[in-house]
1. Using each residue's phi in region 55-69, evaluate 6.51 cos²θ - 1.76 cosθ + 1.60 at θ = phi - 60° and report the 3J(HN,Hα) Karplus result to the nearest Hz, with x for Gly and Pro.
2. Roughly speaking, what is the stretch gain from D207 to D278, that is 0.36 nm per residue apart minus the C-alpha to C-alpha distance, in nm to one decimal?
3. List the residues whose amide H sits under 5 Å from the amide H of T93, counting only those 5 or more places along or on another chain, with H placed 1.01 Å from N in the peptide plane.
4. Could you state the per residue volume, in Å³, of the convex hull enclosing the Cα atoms of region 76-226?
5. What residues qualify as long-range amide H neighbours of F173, i.e. H under 5 Å apart, gap of 5 or more or another chain, H built at 1.01 Å from N?
6. Tell me, how many Å apart are the Cα centres for region 135-164 and for region 165-229?
7. Could you list F209, F77 so that the one with the fewest beta carbons within 10 Å of its beta carbon is first and the one with the most is last?
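FYI, it's all coordinate maths here, none of it is from the lab. Predicted model, so just to flag it, every value in this text is computed and none were measured. Cβ placement follows ideal geometry from the backbone for every residue including glycine, while neighbour counts extend to all protein chains displayed.
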Amino acid sequence: MRSTAWFVGSCLVVLAAVALCSPMMTTSVQAWGSLGHYMVGAIAQGFLSPAAERGMQQLLPESDGLMGPVASWADSFARDAFRWSPPLHYADTPDWACSYFRNRDCYDTGYPGQQYCVDGAIQNFSTQLVEGRAPLSENVAAKFLIHFVGDIHQPLHVGFRGDAGGNTISGTFQKQHNRKLHQVWDEDMLDKRLREDFGRDNSTYVDYFMSRLSPGGDLHPEIGSWLSCPGSDSGRSSIAPLGACSDAWASESIALACSAAYVDEEGRKIANGFDLQDAYYHFALPVAERQLAKAGIRLAKIINNHFDKQQAPAHSPPLDQRTRPQRPIKKLLEL
Ligand SMILES: [Zn+2]
């Protein structure tokens, strides 16, 4: 979801107040939509180091350190409380550019001269955590970071400026009328998947991802490449606080938007009045799910990088050799 327009300096009072407010704690399906964000946070939770788990319990006391339940906070409470935050949920590129360059694409007309988009927001909030100087609070910075790492992996959150990331392209998806293409990716495909294949149970869906990411799972061999941070190119910064390579992640997303979101299973451009059926769902869903898995792994790495520098012992045994009876997700490997 996107709407109008961040300027931290003028929002300090509001932001400090928000840090005291309760986040959305539900794990039910709502309208990346809340299910997608929950999945990213829950997947990431399974890959936290011991130091990161302890750190997150302090950083997110409202959810006992769990990221899934607070992952949609930036789409709910914060969207209204922080009127500067909506443009930070996405980035726009020129139509059919199919490439992302921070210096070209990360801006908002309401905030000239700043890196004002989802990529810039990830850089900002990860830097705040690194430097320990969050102007609002580390709690707020962490919740924004958790959310924006999810958003940047939804291909249409790095979409075309001319159609607002698929928000002005409407049609029918699986007999549901008046759906925006952006909504199909934010909500509709994942809700259908949860409803039809996982009995509407978020935990079962999380287990499915953890199985695919565990040794022997089809996504496990990809994890190493997901964590690599490509070097600079023209217009791209080499700075990646906590390993948050958000410019490269934005580039991946716009490429996927061009190859799997703005076009159907036969490569035809999706226009107003679309009627997307099973063929598109089966073509696009695997892309969406891989992006959720990537986002979870990358979020875990950011959080691990932050806390391991501060707290980790010089040597830790592999995660799966430890016993954590109170954690809801089985640990699979060390990132
Ligand atoms: Zn968002």
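1. x, 5, 5, 7, 6, 10, x, 5, 10, 6, x, 7, 7, x, x
2. 23.1 nm
3. Result for T93 returns G159, F160, R161.
4. 169 Å³
5. Those qualifying (amide H under 5 Å, at least 5 residues apart or on another chain) are R179, L276.
6. Cα centres, region 135-164 to region 165-229: 17 Å.
7. Placing the least packed residue first, the sequence is F77, F209.
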